[in-house]
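All of the numbers you see were taken from the coordinates with simple rules; none came from a lab. Since the structure is predicted, the reported quantities are computational estimates derived from the model, not experimental observations. For neighbour counting, all protein chains shown are included, and Cβ atoms are generated from backbone atoms with ideal geometry for every residue, glycine included.
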Amino acid sequence: MSIKDALLVLTTYPQATATTAIQYAVTFAGFMGCRMTAFAADLKIEVPRSVFGNSMLNISGMIAAETRKSKDNTLSLLAAFNSEAEKQGVAYETIHETGLAGEIPGLMAEYARLKDLTIIPLSDADDVDQWHAETIVFQSGRPILVVPEGSQQSAFKLDTVAVAWDYSRTAARAVADAIPLLQRAKTVRILTVTNEKVFDASRATYELATHLSRHGISVSIDEIDAGGKNIGTVMEQFIAAKKIDLMVMGAYGHSRIREFVLGGATKSMLSKPPVPVFLSH
């Protein structure tokens, strides 16, 4: 798979996406030579009629103010994206939608199905971003790149990339989807955490290295004993020690009606990722 057509989803409410995330996405497009589309949506707020009848507060005025806030954020974010894309000479377009809070993640997933990759900025203080990320990765059928707004990375880079490898179907999917990035990385490391769970495979990690070498990708292998630590802690320590710029991993979760129950590593990386994380399901 090549990455020629990417999507950036922007949150407009209750907090607007940071402009550093826009800069990161546009530098990604420039690095990969792809087109970048920015999606932002005005939030429609609906309140049951009974609230109006039983309240002395100016509910309608409060709703109007919050709706304006979302719309203003939408216009501001899309303008910032247009300016950054033009400054960096990146091909771009924008999508401006309107919807209820419960509709917007589904809209994002629909657009993501028509793109090679979706970039999702993730704020520490906003659970809405995590909701968007979970919906898109599990419903779009396409990979996502989660970018933590607090990572201080305002520009995309691929000096050192790590692949979290547990022999699973989702990990294999992530590796296949990430090959265009792995081919451009200066250093690629395969991370396998042992004694954390039982691997349902009889293959060896070096066989993945052999496969990637046929795509022109040289790798080093790191096998780390969990030593009683949870998978999230092991991965965070590895990322810090090896100065990882990007983590590639499978997104594990299973549906419980409309809610996804995340696996340990996926939950850790989606709750507070220390670096950008490339996820596939």
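With all pairs of separate Cα atoms included, the chain yields a Kirkwood hydrodynamic radius of 19.7 Å. Of the residues VAL128, VAL198, VAL248, which exhibits the maximal mean-square fluctuation in a Gaussian network model of the chain defined by a 10 Å Cα contact cut-off? In this elastic network of the chain, the residue with the biggest mean-square fluctuation among VAL128, VAL198, VAL248 is VAL198. Diffusion coefficient of the range 214-256 by Stokes-Einstein, Kirkwood radius over Cα pairs, 10 °C, 1.306 mPa s: 123 µm²/s.
Please label the shape of the range 64-114 as rounded, prolate or oblate, based on the square roots a ≥ b ≥ c of the eigenvalues of the alpha-carbon gyration tensor (a/c under 1.5 means rounded; beyond that, a/b larger than b/c means prolate, else oblate). Taking the square roots of the gyration eigenvalues as a ≥ b ≥ c, the range 64-114 is oblate. With a cut-off of 18 Å on the backbone N, the residues of the range 193-217 near the modelled label site 7 Å out from LYS186 along Cα-Cβ are 217. Considering only beta bridges that DSSP places wholly inside the chain, some 15 percent are antiparallel. Among ALA201, ALA171, ALA40, which one shows the biggest mean-square fluctuation in a GNM of the chain, springs joining Cα atoms closer than 10 Å? The residue that fluctuates most here is ALA201. With 0.36 nm allotted per residue and the present C-alpha distance subtracted, the SER213-ILE45 stretch has 55.3 nm of extension available. When you restrict to C-alpha pairs under 8 Å that are six or more residues apart and normalise by the size of the range 154-238, the relative contact order lands at 32 percent.
Sequence-distant contacts, meaning Cα pairs under 8 Å at least 6 residues apart, place the relative contact order of the chain at 20 percent.
Going by average Cβ neighbours within 10 Å, how do the peptides 207-213, 78-84, 58-64 rank, with the highest at the top?
Details: 207-213: 14.9, 78-84: 17.9, 58-64: 11.7.
In descending order of packing, they fall as 78-84, 207-213, 58-64.
Counting Lys and Arg as +1 and Asp and Glu as -1 over every other residue whose Cβ lies under 12 Å from the Cβ of ILE190, the net charge comes to -2. Straight-line reach from LYS69: which lysines fall under 16 Å, measuring Cα to Cα and dropping same-chain residues less than 8 apart? Reachable lysines: LYS44. With the largest listed first and rounded to whole Å, the semi-axes of the equivalent ellipsoid of the range 138-232 from the Cα gyration tensor are 22, 18, 15. Relative to the longest principal axis of the Cα atoms of the chain, the long axis of helix 127-139 lies at roughly 60 degrees.
The C-alpha atoms of the chain define a longest principal axis, and helix 231-242 lies at about 70 degrees to it. Using only the alpha-carbon atoms of the range 77-210 as identical scatterers, what base-10 log of I(q)/I(0) does the Debye formula give at q = 0.12, 0.13, 0.21 Å⁻¹? Debye output, listed in q order: -0.63, -0.74, -1.48.
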